[in-house]
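Structure record follows, encoded as structure tokens.
What follows is calculated from the coordinates using simple rules that are stated; it is not laboratory data. Since the model is a prediction, treat every value here as computed from it, not as a measurement. As a convention, Cβ positions derive from the backbone with ideal geometry for all residues, glycine included, and neighbour counts pool all protein chains shown.
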Amino acid sequence: MHSCRKIGLLALAVVLPAVLVPVAAWAAPSGAPRSTAQPDVRSNAFYILDESDSSVLAARREHVPVPIASITKLMTALVVLDAGQPMDEMLAITSEDVLGTAGGGSRLWAGARLSRGDLLHLALMSSENRAAHALCRGYPGGMSACVQAMNDKAEALGMTTARFVEPTGLSSLNVASPEDLAKLVLAAAGNPTIRDYSTDAVHAVYVGRRPLEFRNTNLLVENPAWQVNVQKTGYISEAGRCLVMQTVIDGRQVVIVLLNSWGKLTRIADAKRIRTWLESTRRVAAGPSTSASSRS
């Protein structure tokens, strides 16, 4: 009796998968789009905001303030532009700018003279540290007044976790949460100069008679598949690789904040994964009838 019961159970175990598998396949065809609750983001912290209704589409560690590296330069640009100083005024890179950016790379030497507009362009597009330092040093009232204005601006924007101690992002004491950085991106996106300068692929300047060409630190601005309205990258060892931007994905304006990516290309790959996730989520929400009509 016992052996017959075992044989019967074994037969049932074999038959059940054969019955259930077709049912499962019918419920979720292999070709159907699938939605997941969170995108496959490798960055340590991230935040995705849909501007159309101010909804948070996905996030991780969004309330935790962390070092933000050169994302700082978006705030530097905001306060410099708020000051209303002439963009064509020539400023010199000084030894103070060199000392103030120790540990960060720069192609601008002490004595180099550029317009305030060119310095701002290079700071936003190519993350030029000495350019950002010179801009803040030339702010009305000097460096301390500029940094104070940065913190005041953060408070006005509702960035409750933000703290700035210098204008380049080389200090790990410049911190903010991903959620607060989205507020900074929105403010920056509202300024046409920051939008234009931060998304230029290349910009050439003359230092004396010597031409220098600078390129954007964000590869996506040159990708025709992307519409990037404003962006900034950042890196110091304490912050990892960072990227913030406002972009258009599947017809909607989205803010993406990626902090502490572990590899040189991870932040770009994360942005692409987020885009794929958003597009697939929209297709799933639209349903099969919308998908069919879109193919006609």
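Some observations on this one:
- Rounded Å value of the spacing that divides the Cα centres of the range 222-283 and the range 61-137: 23
- Karplus-derived 3J(HN,Hα), 6.51/-1.76/1.60, for each residue of the range 114-126, Hz, glycine and proline x: 9, 6, 4, x, 5, 4, 5, 4, 5, 5, 7, 7, 10
- Stokes-Einstein D for the range 142-296, Kirkwood Rh over Cα pairs, 20 °C, 1.002 mPa s (µm²/s): 122
- In Hz, Karplus ³J(HN,Hα) per residue of the range 197-208 (6.51, -1.76, 1.60; θ = phi - 60°; x = Gly, Pro): 5, 6, 10, 5, 7, 8, 8, 10, 10, 10, 10, x
- Charge-dipole axis of the range 34-285 as Lys and Arg at +1 and Asp and Glu at -1 on Cβ define it, positive-most pick from L124, L173, G263: G263
- FRET efficiency for the pair D196 and S172, taken as 1/(1 + (r/R0)^6) with r the Cβ-Cβ distance and R0 = 25 Å, rounds to 0.25.
- Residues whose placed amide H lies under 5 Å from that of M159, excluding near-sequence neighbours: none
- In this label model, A204 and A110 are separated by 3.0 nm, measuring between points 7 Å along each Cα→Cβ vector.
- Residues D82 and Q227, FRET efficiency given R0 of 30 Å [Cβ-Cβ distance, rounded to 0.05]: 0.65
- Using θ = phi - 60° and Karplus 6.51 cos²θ - 1.76 cosθ + 1.60, couplings along the range 54-68 (whole Hz; Gly, Pro as x): 6, 8, 8, 7, 6, 6, 8, 6, 6, 9, 8, x, 9, x, 10
- Once the convex hull of all Cα atoms in the range 34-285 is built, its volume per residue stands at 113 Å³.
- Distance cut-off 18 Å, percentage of C-alpha pairs in the range 35-85 lying past it: 54
- Long-range amide H partners of A45 with built H, under 5 Å: L259
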